[in-house]
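These notes concern the structure reproduced below.
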Amino acid sequence: MTTPAATMGMIMAASPVLMAVFERASGVRLGRRRGAGLLVACAGVLLLMGGGAGFAAGDLWMIGAACCFAGYSALLRRRPAELGGTAFLFTTFLVGAGLLLPAQGVSLAVQGGFTPTTATVLPLVYVGVASSAVAFFAWNKAIALVGAARAGIVYYLQPVCVALLSWAVLGETVGPVQVLCMALILGGVMWGAVS
């Protein structure tokens, strides 16, 4: 069983909760209202995971991805000051590519490669430039300016966008459970975001 795109988007919406938890672990105070909002958002993700919308192995991969991204975001404040944003981004991509090489080797051995065409190369260029290099540069700058917990608030728009796009582009259905989970996640974030 695979994980629908809308479900992946809602799981990734938990990233700001995890960012706040990681920042709290490093001494940043959250406050009661933010803590309560984060709990409501977590309830939405747990409902989504726990039988309400079904559970797939891909959900665990998305939870792992959310934890990794939240940890990365919380640790950005500890980046050495002498390492500029572009150099840091390049180093991060270089280390990440090195860590992915063994998985790529297994994929090539099991599935084989692909024939480069415009239809396969252009999406890869878009992912590499727009949604990786440019997006991470902007994200790193936002973390440096306002911190992970505050910057993470924009992440809560992701489940809405993903659910609508997966419905419009992929023809996936969005049922009442997903709508309830989305309302809990977004409601919790909005509640916790108000100072």
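Worth pointing out:
- Exactly one residue among A57, A144, A74, A65 is modelled with pLDDT under 85 and closer than 19 Å to G9 by Cβ, and that residue is A57.
- Exactly one residue out of R29, R34, R77, R24 is within 20 Å of the chain's Cα centre (by Cα), within 18 Å of A148 (Cβ to Cβ), loosely packed, with under 14 Cβ neighbours inside 10 Å and not β-branched (V, I, T), and it is R77.
- Evaluation of S166 against (1) of a type in the set (S, T, N, Q); (2) open to solvent by 90 Å² or more (accessible area, probe 1.4 Å); (3) touching a residue at least 40 places away in the same chain (Cβ under 8 Å) (one fails), failing number: (2)
- Residues in segment 169-185 that are under 23 Å from P16 (Cβ atoms), in contact (Cβ under 8 Å) with a residue 40 or more places away in the chain and either of a type outside the set (S, T, N, Q) or surrounded by fewer than 13 Cβ atoms within 10 Å (Cβ to Cβ) (or both): V174, V177, L180, C181, M182, A183, L184, I185.
- When L83 is tested against (1) loosely packed, with under 14 Cβ neighbours inside 10 Å; (2) of a type in the set (A, V, I, L, M, F, W, C); (3) closer than 15 Å to W139 by Cα, only condition (3) is not met.
- Some residue of segment 109-120 being surrounded by 10 or more Cβ atoms within 10 Å (Cβ to Cβ) and either of a type in the set (A, V, I, L, M) or at pLDDT 90 or above (or both): no
- Checked across segment 45-58, the condition of being more than 30 Å from G27 (Cβ to Cβ), in a helix (DSSP H, G or I) and within 15 Å of the chain's Cα centre (by Cα) holds for at least one residue.
- Positions within segment 87-102 being open to solvent by 60 Å² or more (accessible area, probe 1.4 Å) and hydrophobic (A, V, I, L, M, F, W, C), in sequence order: F90, F93, L94, V95, L99, L100, L101
- W191 being buried (at least 18 other Cβ atoms within 10 Å of the Cβ), among the aromatic types (F, W, Y) and at negative phi: no
The values are calculated or read from the model by the stated rules, or taken from the named source; none is laboratory data. In this text the structure is predicted, and so the values were computed from the model without any measurement. Note that each Cβ is placed from the backbone with ideal geometry, even for glycine, and that neighbours are counted across all protein chains shown. Please note that ligands, DNA and RNA were not included when accessible areas were found on the heavy atoms of the full protein model with its side chains. Shrake-Rupley method; radii C 1.70, N 1.55, O 1.52, S 1.80 Å.
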